[in-house]
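What follows is a short report on a single structure.
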Amino acid sequence: MGVTRPYLVKTSNGESKVLNLADCVNIHRTPAVRDAILKGEYNRIVSDDGHMITVEKPFFYTDFDRNHLFLVKPRYERHDWLDASAQLERMVKRVPLNIMTADKKMRVIFGMGELREKLVADDASIDDRMVELLKVLIIYDHPFLIKQPRLRLYLEKVSKQSYDFIACYDHHPRNYRVGMPRKVVDELVTNRAEVEKWIKQRHKKENIFDLKKDHWVNFWRWSPVPSYLNSLKGYAKQIREGKTISVTDKGFKDMLKYLPRGSQLPAWAKKDLYELLQFAKKKKLKKLQDQLFELRFDRQLDDDWYLNDDPNDIDTLWKLMKDLPDTNVEGNTSLDELNLARGGGGWYEPDTGDIYIGSEELFDKERFEDVVRHEVGHAVHEANDKKINPWLKKQFGWMTFDMDDKQIDAWVDLMGGYKTNDPQVIKELRKFLKAALGPGSEWGPPKYPVIPRNHAWWNPDFGPRIAFENSGNDWHERNDKWYRYKDKAFFCNFYYQQFMVVNSSTLDLINNGMPDKYAATSPFEFFAELYALFYDMDDPMRKNIPKEVKDWLNTNVGKATSSSQPKKPKHGIRRTNRAMPGRKR
């Protein structure tokens, strides 16, 4: 389960598709998502011409059992790793200590390939920081790999014999599998103290074993490119804000020197470069105009790693390779070129047809940072269900009923009963109700059961039938149409495959006092949304929570204090043209 939103995407060949994509995934509740990532199947679609396409967008990955809190971003946003790290810090601020151990792993991850790699490393019980250092040794042994720009190195799998990596490129079809003998890796891991000493000596500014509120662990941080792309973004932002920039200081000159060129520039960087060009024209800086033009349209392939011109102010790959510790790596790694069809690997190889949904294009940017509270709410609920479930029933009237006969009878009784004493008719009504719930894991009703027109099912006052018919697609969004009997509202949850009931007054709270109608989906989602709102001290809707509810949460879950809350970033909600409701699963 997680927070999922509908997005309209367009493939490179012009196809338009509406995809339900996660803003947050909870592996404890949906372990199948982790399996799909490991198989290279999650967030992938097949185009009409049969090509496999990866869809990359920001989402939060939680795995409370393994202490993993990952903020996943599209791979072209890696230059923003420091801002993303700060965002991750804000998002996990409210994770209670009793849910996770103190050694929780927080990571900023760019691209599905990086995410899959972290899971492979975790399954192999190897520190992901050591994995990145293994990549340095691979490049040292096979330096031709970095002659082609946009190299991606991913840990593909671990066997008893070797650690296998995939080397691939953003804009080149070649793929290689590099095998490193397990014995070599084990020796390095055993000799970790010397490895850490090597890193500390060579990387005095950004030692990956001692990063401070910096959560990106990937060898690409040792290229000057991400840092100077981030500088470009900053200069363009200042220009758009009407500020003047200095084009003579060392930082600006270094940026021009180390930026990628021509076709190697990301799409967003080309736009920012245009901002600088317009600034240069306005200021009549002819030399700068020429430099920017050459940089934008230079077709020469650049060296992402600047072997012959290593910048002094950045901890780069070369600083590591100039003084490698003694290893048995050199000459011992195997390398084979792979002949794969486009999208044919079991990992996430980059492709020019991949689809990107950037951080600026999120369905609801304002609430994205709140999704972690929603998932923590689920974890708190599961850890304290014997205390929380009775409270949800007493305070809000939440009750759920499964598909066995006794449970169905109990749900029907709350609506006045079957209104017949004929056991055969009652048996048939139960059968129809079971069919009406469908197979589960769906956001709408199944095909209507075939029922004779003279059957008791069609009685105008048979509440269970009306409750089924009035649930409909995205039932939480249409809770005003649910069947009401006395002070209760009845509906079918087709995703959980359960019959449900809640107080009408609870729906009033959801519709008029909470941020999202999704809270009406089930008691589980209601508590998660309530938890998220209760611990968000800056949300103006928090005042709508009744005092007795706040008192109970303070006493039984944990006191909410303003000092414990991260300040929300100062940005408005992005209004999109998508009118489709959000979903959280």
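Throughout, read-outs are computed from the coordinates displayed, never taken from laboratory work. Just so it is clear, the model here is predicted, and its values are computed rather than measured. Every residue, glycine as well, gets a Cβ built from its backbone with ideal geometry; the counts of neighbours run over all protein chains shown.
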Stretched fully, the stretch from Tyr485 through Glu206 gains (0.36 nm per residue minus C-alpha distance, one decimal, in nm) 94.1 nm
Pull up all non-local amide H partners of Gln498: gap of 5 or more, or a different chain, and H-to-H distance under 5 Å with H placed in the peptide plane. Asn493
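Taking other Cβ within 10 Å of each residue's Cβ, how do Phe59, Phe462 sort, fewest first?
Details: Phe59 24, Phe462 21.
The fewest-first ordering by Cβ neighbours comes to Phe462, Phe59.
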Taking the simple approach of a point 7 Å from Cα along Cα-to-Cβ for both Lys287 and His28, what is their distance in nm? 6.1 nm
If amide H atoms are modeled at 1.01 Å from N in the peptide plane, then the residues at a separation of 5 or more from Trp398, or on another chain, having amide H under 5 Å from its own are Lys393, Asn503
With unit charges on the beta carbon (Lys/Arg positive, Asp/Glu negative), name the residue among Trp411, Tyr495, Leu392 whose Cα is farthest towards the positive pole of the charge dipole of segment 385-556. Trp411
What is the dipole size for segment 224-303, taken about its Cα centre, with +1 at each Lys and Arg Cβ and -1 at each Asp and Glu Cβ, in debye to the nearest 20? 400 debye
Using the Karplus equation 6.51 cos²θ - 1.76 cosθ + 1.60 (θ = phi - 60°), what ³J(HN,Hα) coupling, rounded to whole Hz, does each residue of segment 39-47 give in order, writing x for Gly and Pro? 7, x, 10, 6, 6, 10, 10, 10, 6
For Asp336 and Glu89, FRET efficiency with R0 = 41 Å and r from the beta-carbon atoms, rounded to 0.05? 0.50
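So how do Met112, Met514, Met403 line up by other beta-carbon neighbours within 10 Å, fewest first?
Working: Met112 24, Met514 21, Met403 14.
In increasing order of surrounding Cβ atoms, one gets Met403, Met514, Met112.
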Gain upon complete extension [Lys394, Asn67; 0.36 nm per residue less C-alpha separation]: 114.4 nm
Got a sec to turn the phi values of segment 271-278 into Karplus ³J(HN,Hα) couplings, 6.51 cos²θ - 1.76 cosθ + 1.60 with θ = phi - 60°, whole Hz, x for Gly and Pro? 5, 5, 5, 5, 4, 5, 5, 5
Can you list the residues, at least 5 places off or on another chain, whose amide H is less than 5 Å from the amide H of Ile357, using H built in the peptide plane? Glu56, Lys57
Read phi for every residue in segment 500-508 and hand back ³J(HN,Hα) as whole Hz from Karplus 6.51 cos²θ - 1.76 cosθ + 1.60, θ = phi - 60°, with x for Gly and Pro. 9, 8, 8, 5, 4, 5, 5, 5, 4
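Taking 60 Å as R0, compute the FRET efficiency from the Cβ-Cβ separation of Ser505 and Glu41 and round it to 0.05. Please list the in-between numbers first.
Working: r = 43 Å, r/R0 = 0.72.
The pair Ser505/Glu41 has a calculated efficiency of 0.85.
Strictly over 22 Å apart at the Cα level, which of Lys233/Lys281; Lys200/Lys253; Lys250/Lys287; Lys233/Lys253; Lys183/Lys212 would you flag in this model? Show your work: numbers first, answer last.
Numbers: Lys233/Lys281 19 Å; Lys200/Lys253 29 Å; Lys250/Lys287 16 Å; Lys233/Lys253 15 Å; Lys183/Lys212 32 Å.
Checking Cα-Cα distances, Lys200/Lys253; Lys183/Lys212 exceed 22 Å.
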